[in-house]
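The values are calculated or read from the model by the stated rules, or taken from the named source; none is laboratory data. As the structure is a prediction and not an experimental result, all values here were calculated from the model. Virtual Cβ from ideal backbone geometry, glycine too; neighbours counted across all protein chains shown. Just the protein is used for accessible areas: all its heavy atoms, side chains included, with ligands, DNA and RNA removed. Shrake-Rupley method; radii C 1.70, N 1.55, O 1.52, S 1.80 Å.
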Amino acid sequence: MRLLRRPAVEILALAALTLAFGLWGIGWDLPSKERLDWVLPPGLDGPQFHRSLQESWKRMHEMLGENPLIVSQELTSFSGIQRIQGGWKTPPPLLVNPVRSFYLRSAHDDEQTFLLLFSKMRPKQLDFRPRMYMYGGGYLYPLGAWIGASALLGLGRLSHGLSAYFAEPGALAGLYLSGRLFSLAAWLAVVLYVWLLGRRLLGSGFAFLAALICALSPGALIQAHVMKQHTLWPLWALAAFHASLLILEGGSSHVRVLDGKEQRRLSSAPLRLYAGAGTAAGLAAGTFSLAIFPCLFPAAAALLRILRRGAAWRAEARGLGLAALAAIAAFFLANPYWLADIPQVAAEFAVLGGYSTFSAASVLRFLAIPLRLALGWPLELAALLGLLLALRSKNDRMLLLGLCFVCSLLPLFLSAAAEQGRGIRYCMSSVCFAALLAVSAAETLQTFIHSIPHRRLFNVLLAAAFLHLGLHAAAVSRNFAVADGPGSTYRQAGLWLEEHVGAKEWVGLWELPRPANAPYFRLDRLNIVLLDWREAPKIEPKDLPEWIVCFQAKRFRPSAAEAVLAHYESVRAFESPALVPWMPIHWSETTANPLFEIYRKRSSTAVRSETN
């Protein structure tokens with residue numbers, strides 16, 4: 001135990017675990033020749049076909065403009081029922097974009113967006129305008145520098161046109177992989193920062209356990225396997241919390257006599273601490289727009305200083321004013337083009353506002369699914385106990401920790417994604433604060449245990465909680481590894497369809513196929529029916545295909561689609577592989593190895609008998 005408590009060994013152990021689980025499967029489902037062979041007819045992939053794909057891509061983006069997010073367009077690019085006869089030699093018009101997506105996209109829809117934004121920048125003209133503002137410059141610009149440096153070192157290749165990537169998908173895959181490695185590196189920094197803060201709040205032994213929770217968190221590992229900003233902004237949130245801790249502890253106490261009575265007052269904390277907290281909070285918001293709530297951290301520290309330490313409110317107000325100015329300056333330093341492109345920013349956030357809902361119940365749903373999946377239910381219960389203890393604590397630092405955890409949940413009131421396992425990404429800093437709170441609860445409980453048998457039982461329960469977390473982490477990382485190959489649900493569902501669907505039968509899809517949402521089968525081999533669910537009530541039973549494939553059915557199945565599926569029976573489902581039977585991967589937890597459900601049309605006699 002003494003060896004483990006040495007800081008260098010703890011750091012190495014945390015780094016080794018974070019990297020081991022993070023690198024396992026990090027190359028999942030990227031553009032490759034193998035994937036193209038699964039979906040394209042032999043002989044199609046060649047220079048002439050590549051040129052046609054590049055020309056169609058250019059025409060599509062000329063139509064969409066610089067910012068596809070604000071273009072008024074339907075959720076699907078077809079309506080009603082569209083039939084695509086199999087046996088084609090070159091893709092019919094409806095399949096041109098889907099086919100091209102297998103050259104250019106990973107199996108995560110959002111990752112392509114970053115490479116698209118980089119392609120529109122003009123560094124030689126010093127034009128770094130992102131053209132899309134939902135992804136903060138605090139993430140976009142460091143990511144671009146990282147990918148550029150990685151390409152110089154041989155990971156991927158930067159090209160002025162798409163032709164190089166059509167000819168060699170692995171060159172593009174390297175850029176995706178580089179972006180995922182950036183996410184992993186950012187989370188490693190977060191893990192080590194939690195360890196540092198834990199040493200300040202809890203002591204060296206328990207700090208390691210708090211950081212270990214973050215290193216093994218399945219919710220964090222999922223984000224570390226994806227090129228997105230959700231592992232970077234928590235680093236700035238922790239920096240804002242760290243500066244707020246220093247604010248809380250800053251200043252010196254002095255006594256003055258007023259009307260014959262002694263009054264203890266606390267002098268103002270150094271203004272540089274407020275500036276630091278504001279700067280970190282501004283960078284968090286500049287990295288992810290919903291991460292605005294770390295701006296409340298220094299306010300919480302100032303409030304505790306006034307109410308519990310006797311600080312003068314005027315001095316704290318000056319500090320908070322400086323923190324606000326620093327936050328605004330840091331935000332626009334990370335997003336310098338916002339001020340020059342306000343109409344575009346406003347239009348974009350008006351579109352995003354349509355996906356937001358206010359619901360107090362979101363917090364309960366978040367605790368029931370995303371946070372439970374991110375921590376495991378034993379450690380989540382410990383974290384909630386730690387929160388109750390912190391909010392009742394006389395220790396101002398622990399109270400500040402509890403208040404910051406509560407602030408980290410505030411994005412739930414703005415987002416409609418609280419019910420999904422992946423919803424943890426909107427509150428990633430809550431994982432860090434919950435880890436510290438869970439370990440603080442364990443530390444408090446330990447002080448009440450004096451007998452050796454009870455202490456041993458406590459240690460066994462604590463070890464079981466971490467074993468539960470570790471098994472879930474291993475299941476998640478293994479799932480990514482399985483998704484990178486023929487064992488994925490994408491490929492297995494595709495092979496099953498190729499084997500069981502007859503030459504004259506039709507397969508119904510609710511969306512245009514792309515790497516993220518469709519089984520990987522030869523697109524020319526099966527007869528495909530595209531079904532617009534908005535038109536589903538108008539579809540006559542006789543016009544329905546023999547087969548229907550549902551992707552992530554629990555998420556993408558509107559009530560109109562349910563009416564169609566009344567004519568079908570479920571015959572096969574392909575789900576994420578479970579490492580242990582009692583710990584399945586939740587369908588909404590990750591996009592790797594999504595759930596595919598295959599339905600076969602029942603006879604009209606069977607449908608009538610059920611109706612009667």
Yes or no: residue 157 surrounded by fewer than 23 Cβ atoms within 10 Å (Cβ to Cβ), of a type in the set (Lys, Arg) and more than 30 Å from residue 386 (Cβ to Cβ)?
-> yes
Using the structure shown, decide if residue 470 is surrounded by fewer than 19 Cβ atoms within 10 Å (Cβ to Cβ) and not in a helix (DSSP H, G or I).
-> no
For segment 40-55, indicate whether the set of residues that are modelled with pLDDT of 95 or more, surrounded by 14 or more Cβ atoms within 10 Å (Cβ to Cβ) and among the charged types (D, E, K, R) is non-empty.
-> no
Taking only pairs six or more apart or across chains, which ones have beta-carbon atoms under 9 Å, a first residue in segment 152-176 that is within 15 Å of residue 115 (Cα to Cα) and without any contact (Cβ under 8 Å) to a residue 60 or more places away in the chain, and a second residue that is assigned to a helix (DSSP H, G or I) and of a type in the set (Val, Ile, Thr)?
-> 155/147; 156/147; 158/147
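Given the condition farther than 27 Å from residue 516 by Cβ, surrounded by fewer than 21 Cβ atoms within 10 Å (Cβ to Cβ), at pLDDT below 85 and not hydrophobic (A, V, I, L, M, F, W, C), answer yes or no: does some residue in segment 550-557 qualify?
No, segment 550-557 contains no residue that is farther than 27 Å from residue 516 by Cβ, surrounded by fewer than 21 Cβ atoms within 10 Å (Cβ to Cβ), at pLDDT below 85 and not hydrophobic (A, V, I, L, M, F, W, C).
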Could you check how many residues of segment 86-106 are open to solvent by 40 Å² or more (accessible area, probe 1.4 Å) and assigned to a loop (DSSP other than H, G, I, E, B)?
-> 4
Filter segment 189-242 down to the residues that are modelled with pLDDT of 95 or more and among the hydroxyl-bearing types (Ser, Thr, Tyr), then identify the one that is nearest to the chain's Cα centre (by Cα).
-> 231
Being aliphatic (A, V, I, L, M) and either within 27 Å of residue 588 (Cβ to Cβ) or surrounded by 16 or more Cβ atoms within 10 Å (Cβ to Cβ) (or both) is the filter here, so list the residues in segment 107-149 that pass it.
-> 107, 115, 116, 117, 121, 132, 134, 140, 143, 147
Does residue 14 satisfy the condition of being under 23 Å from residue 223 (Cβ atoms), at pLDDT 95 or above and open to solvent by less than 10 Å² (accessible area, probe 1.4 Å)?
-> yes
Please state which of the following conditions residue 427 fails to meet, knowing it meets all the rest: (1) in a helix (DSSP H, G or I); (2) modelled with pLDDT of 90 or more; (3) open to solvent by 10 Å² or more (accessible area, probe 1.4 Å).
-> (3)
Could you figure out which of (1) surrounded by fewer than 17 Cβ atoms within 10 Å (Cβ to Cβ); (2) assigned to a loop (DSSP other than H, G, I, E, B); (3) in contact (Cβ under 8 Å) with a residue 24 or more places away in the chain isn't true of residue 485?
-> (3)
Mind checking which helices (runs of 4 or more DSSP H) fall wholly inside segment 270-385 and carry at least 2 residues that are at pLDDT below 85?
-> 342-353, 362-368
Would you confirm whether any residue within segment 412-419 is over 20 Å from residue 214 (Cα atoms), of a type in the set (Asp, Glu) and open to solvent by 10 Å² or more (accessible area, probe 1.4 Å)?
-> yes
When residue 31 is evaluated against the numbered criteria (1) under 27 Å from the mean Cα position of the chain (by Cα); (2) open to solvent by 60 Å² or more (accessible area, probe 1.4 Å), which criterion, by number, is the only one it fails?
-> (2)
Would you check which residues across segment 1-11 are surrounded by fewer than 18 Cβ atoms within 10 Å (Cβ to Cβ) and either in contact (Cβ under 8 Å) with a residue 40 or more places away in the chain or not in a helix (DSSP H, G or I) (or both) and list them?
-> 1, 2, 3, 4, 5, 6, 7, 11
